[in-house]
Amino acid sequence: MERIPITPRPNYQEKIELLGFDFHASYWKEEAYYHLRTDEVDKLEKATVQAYQMLCEATRVIIEERPQWMEQVLKIPPHICRRIKYSWEQDEPSLYGRFDFIIAPDGTPKILEFNADTPTSLLEASLIQWQWKEELFSYRDQYNSIHEALVQSWKDMYKPRSSVHFVGSLENNEDTGTLQYLASTAMDAGISTRVMDIADMNLNEGQFYDPSGERITDCFKLYPWEWMIGESEVGCLADIHWIEPIWKAVMSNKAILTVLYELFPNSPYVLPAFLSRPQFGIFCKKPIYSREGHNVSIVEVHDWNEKARIAETAGDYGEEGYVYQAYIRPTPYQGRYPIVGSWVIGGEPAGIGIRENNNEITDNLSEFVPHIF
């Protein structure tokens with residue numbers, strides 16, 4: 001993989017804003033792109049397939065065999081755990097998710113985490129970098145069938161003329177743009193959609209209604225399950241079909257990384273991960289609940305004590321606990337550190353987006369960089 005500097009397209013800001021990407025400031029810069037080899041793309045696709053299979057098995061083990069673990073480690077209330085088990089047994093479908101891979105020195109993708117619920121960078125990975133490629137490198141390819149996969153996944157889940165509400169925090173431009181994009185993919189699948197603020201959902205006798213009084217039967221939410229559980233357990237138990245389903249509350253918790261390592265310690269894609277502080281080594285310490293790289297630190301441990309913090313980010317997470325994941329020193333590309341986000345749509349790999357930072361921890365200030373192969 002190479003990082004290649006390039007001159008930005010003239011007036012590229014106007015071009016991407018026409019596609020609904022109006023939250024790009026300091027986030028999308030066309031000053032470089034990544035060039036991958038075909039075999040590297042094949043490795044990423046293979047890794048994504050196997051990683052998702054392993055993660056589904058780890059989720060199954062937690063829900064079916066370790067219900068007390070959900071309560072004690074994931075801090076999920078018992079009645080919500082029962083609803084999670086029901087959701088899993090009913091095989092309620094998932095639309096999407098995103099692995100974050102770091103590429104080891106030998107070229108092997110290593111799982112840093114799986115963004116199972118409300119993953120970011122969807123619009124830019126799907127439409128924006130494709131527009132960039134078509135304008136500048138139409139003769140090249142891009143590992144990106146995300147848009148087509150989303151439309152097909154909606155078709156697999158719903159019949160034409162079905163109705164789905166799309167909710168999130170519309171005060172946030174990024175959430176609004178992502179919701180509108182996802183609603184457009186559902187419309188392409190023949191589904192009737194309505195985008196609204198999650199605060200405008202009305203709960204009455206176990207059912208949700210929109211401001212017009214229409215009952216909400218199916219709802220895509222760009223709002224984390226842990227927030228919903230903390231704010232309204234009654235709402236989480238309402239008679240409604242949620243996308244993403246509530247079993248994603250297990251898969252999105254970083255504590256699952258420890259079960260993944262327990263079940264698949266010999267997988268080339270799985271890094272050692274522990275709930276308690278290891279005795280020695282260098283680890284990435286992550287809150288089991290966190291967003292956008294907050295409260296993540298790289299620590300060196302000796303005799304059960306953290307002796308040094310090599311790097312860390314600020315934030316308000318960590319109260320529920322941490323995981324310690326084995327540290328791999330990332331390879332710098334022209335002084336930047338990339339993370340490969342590999343998308344799973346309808347249970348299948350669908351493409352990648354690359355974000356980079358000038359330090360080793362990817363956060364909400366990391367920039368999205370397009371790619372070709």
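Read-outs: derived from the displayed coordinates by stated rules, not from any lab. Predicted model, so just to flag it, every value in this text is computed and none were measured. Note: ideal-geometry Cβ built from the backbone for every residue, glycine included; neighbour counts use all protein chains shown.
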Note to self: Run the paramagnetic zone check for GLN90: 7 angstrom along Cα to Cβ, then residues of segment 234-275 with backbone nitrogen under 12 Å.
What the structure shows: 237-243, 245-247
Checklist line | Centre separation in Å (Cα based) which lies between segment 166-203 and segment 6-45 | finding: 24
Margin query: Defining a contact as two alpha carbons under 8 Å apart and six or more residues distant in sequence, what relative contact order in percent does the chain show?
Written below: 23
Next item on the list: Between GLU64, GLU244, GLU92, find the one with the highest GNM mean-square fluctuation for the chain; connect C-alpha pairs within less than 10 Å.
Entry: GLU64
Next item on the list: Quick one: divide the alpha-carbon radius of gyration of segment 195-279 by 2.2 N^0.38 Å and tell me what you get.
Entry: 1.49
Checklist line | Ellipsoid equivalent to segment 121-175 - semi-axes via the Cα gyration tensor, in Å | finding: 26, 18, 7
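With N residues in segment 47-172, what two-decimal value do you get for its Cα radius of gyration over 2.2 N^0.38 Å? Walk me through the intermediate numbers first.
Working: Rg = 18.2 Å, N = 126, 2.2 N^0.38 = 13.8 Å.
After normalising by residue count via 2.2 N^0.38 Å, the value is 1.32.
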Notebook entry, point to check: Which log10 I(q)/I(0) values, to two decimals, does the chain give at q = 0.09, 0.13 Å⁻¹ under the Debye formula with one point per Cα?
Noted result: -0.51, -1.11
Note to self: Just to be sure I understand: if I project the alpha-carbon convex hull of segment 158-243 onto a plane and average over all orientations, what area do I get in nm²?
What the structure shows: 5.4
Margin query: Quick check: the distance between the Cα centres of segment 324-356 and segment 255-275, to the nearest angstrom?
Written below: 17
Margin query: Report the per residue volume, in Å³, of the convex hull enclosing the C-alpha atoms of segment 201-241.
Written below: 69
Checklist line | Overall dimensions of segment 1-79 as given by Cα atoms, namely Rg and Dmax in Å | finding: 21.3, 57
Margin query: With the crude spin-label approximation of a point 7 Å out along Cα→Cβ, what separation in nm comes out for GLU231 versus ALA25?
Written below: 2.5
